1. What's the long-distance tail for region B:96-209, i.e. % of Cα pairs beyond 24 Å?
2. Which Cα, out of A:G160, A:A92, B:S236, lies furthest along the positive dipole direction of the protein assembly as shown (beta carbon charges, K/R +1, D/E -1)?
3. Could you state the principal axis extents of the C-alpha atoms in region A:143-268, from the largest down, to the nearest angstrom?
4. Tilt of helix A:10-21 relative to the longest C-alpha principal axis of chain A, in degrees (0 to 90, nearest 10)?
5. Does chain B classify as rounded, prolate or oblate by the C-alpha gyration tensor (a ≥ b ≥ c root eigenvalues; a/c under 1.5 gives rounded; else a/b over b/c gives prolate, otherwise oblate)?
6. Any idea what log10 I(q)/I(0) is at q = 0.08, 0.11 Å⁻¹ for chain A, Debye with uniform C-alpha scatterers and no solvent?
7. Provide the gained length on full extension for the span B:E201 to B:S15, in nm with one decimal, where the gain is 0.36 nm per separating residue minus the Cα-Cα distance.
8. Quick one, could you list the DSSP H helices from chain B stretching 15 Å or more along their long axis (Cα atoms) with average Kyte-Doolittle hydropathy of 1.0 or above?
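Values quoted throughout were computed directly from the atomic coordinates according to the rules given, and no laboratory measurement underlies them. This one's a predicted model, so the numbers in the text were calculated from it and none came from an experiment. Every residue, glycine among them, receives a Cβ derived from its backbone with ideal geometry; neighbour counts consider all protein chains shown.
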Amino acid sequence: MTIVSTAAGQDAQAGEASAAAGEVLLSVRGVRKSYGARPALKGVDLEVCAGEFVALLGPNGAGKSTLFQLLTGLFNADAGEVRVCGQDMRVAPVRALGRIGVVFQQMTLDMDLSVEANLVFHARLHGIGGAQARERIADALGRLGLAERRGDRVRELSGGNRRKVELARALVHRPSVLLMDEATVGLDPASRRHLLDEVLALRASGVGVLWASHLVDEAEVADRVLVLHKGELLAQGTPAALVAASGCATLAEAFLKLTGSGQAVEPA
Amino acid sequence: MRPAHAWLALQAVTSREVAKFVRQGGRLASALVRPLLWLVVFAAGFQNVFGVSIIPPYDTYIPYQTYIVPGLLGMVLLFNGMQSSLAMVYDREMGVMRLLLTAPLPRWYLLFCKLLAGTLLSVLQAYVFLAIAALFEVEVPFSGWLYALPVLVLSGMMLGALGLLLSVNIRQLENFAGTMNFVIFPMFFISPALYPLWKLEESGAAVIHLLATWNPFTHAVEATRFALHGQVAVQSLAIVAGCLVAFFLLAAWGYDPQRGMLKRTGKPG
């Protein structure tokens, strides 16, 4: 399979805009990972710049979660490098992790603690305590409309609000890069849309977002879309560029064509 | 790692463990029932069977209840240490450990925080047991209460580190109970917790006696016994400290978050 290059046309515009918006915050080069004899990632390259929302689109089993484990330092890559704000995840994991905020696919909140206690726990793990922690927690909860629920136990919240708490938690230490691993799984359409809008709004503050999903409609609003399938990046570009390159009418059709037929699509 | 950051992280992990402990109302009771049964029932029934001669640190004949209290304190620490490691395997399977391990701190330090938090709970439970034992006329001098603190902390950490090491090597929660049977009971019974080691020697159980002298739990119990009597068992303390360092280094070196996650999900995404 050939990676679709969409450096021309609309994509070039987007690339210039990203470069103008700021530095490369997340850089992945030649990352490979296998589980025994089975390859999960076969040499993945990607970048996320400041203020950019990048959707990582792939069907189940494409390698998205494996990539996220590597980006968060939980797994070690067999080859290649991951850099966060210039810090190599393998050489300086502590510095790299300090610049990342993560919302995992699986919920990692303590259900029996209050919303605020969950955030205090996270803030302290990131070296933020006292008045500064209180201020940042209030800010993050206020931004997500959860200020009134700060004292509630997580168990009492809806699925959508739990996800918002996880997002608030990921923002407490003011990361440069936000990693969202299929964060909308299990949410109703309204909650899904709301969460997506909240994350999109972060672009204005210069946060680079990598949003993994298998839902095409979530990728349509991205600055760039990366299509991952069977451990390989098949295509990347703006949603419009990918649609144009595929000769399809919609991004969903383009995605199906790329991952279904497995044939390369030439740039438009 | 900034000291202030390290301190905040320790606070975070400890306060979470304490909150969990308080939430699980029956945990303290269940931790105390076991040693209290040994103290109140077993010791009452067997005090005339197990005659205890004058052995250090004691300078006179002592009731059997007094003899087994250090071993029962060790039992509290041992079970709690293993329970902490069980909780860690559970957290790993549920994905909660991921949050901790993506914090910008060295992995060994995060594990050390877990160890300290578990030890704090162990030592608190040990002192509650000691206070209840006092109600049953087990006399511990005031100096014993003070001397016991560092020994209980060191022993609690050593047994917690052993639990940590086991959790590193246990791939699934289902395997935990079986593993514990091979650890808790042999460690407890092949030790001077219930009878002095010379009795083993005297009865010709030379192999078991040898195993007992190699058992780190033996030294935790003996160090506690001397401490409760206002004395310091230097050799036992040194062995406990050495085992603590060895177990923790092996656990920190072998900890691999990938292992638990792959087992849990069955396949990577």
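1. Working: 3027 of 6441 pairs.
Taking all Cα-Cα pairs of region B:96-209, the fraction more than 24 Å apart is 47 percent.
2. The listed residue farthest towards the positive side: B:S236.
3. In descending order, the Cα extents are 53, 28, 25 Å.
4. Long axis of A:10-21 versus the principal axis of chain A: about 40 degrees.
5. Prolate.
6. -0.32, -0.60
7. On the way: separation 186, 0.36 × 186 = 66.96 nm, distance 4.56 nm.
Result: 62.4 nm gained on full extension.
8. Numbers: long enough: B:3-23 (30 Å, 0.23); B:26-37 (16 Å, 0.93); B:64-94 (44 Å, 0.56); B:107-135 (43 Å, 1.62); B:142-169 (41 Å, 1.63); B:216-228 (18 Å, 0.37); B:234-254 (30 Å, 2.07).
Helices meeting the criterion: B:107-135, B:142-169, B:234-254.
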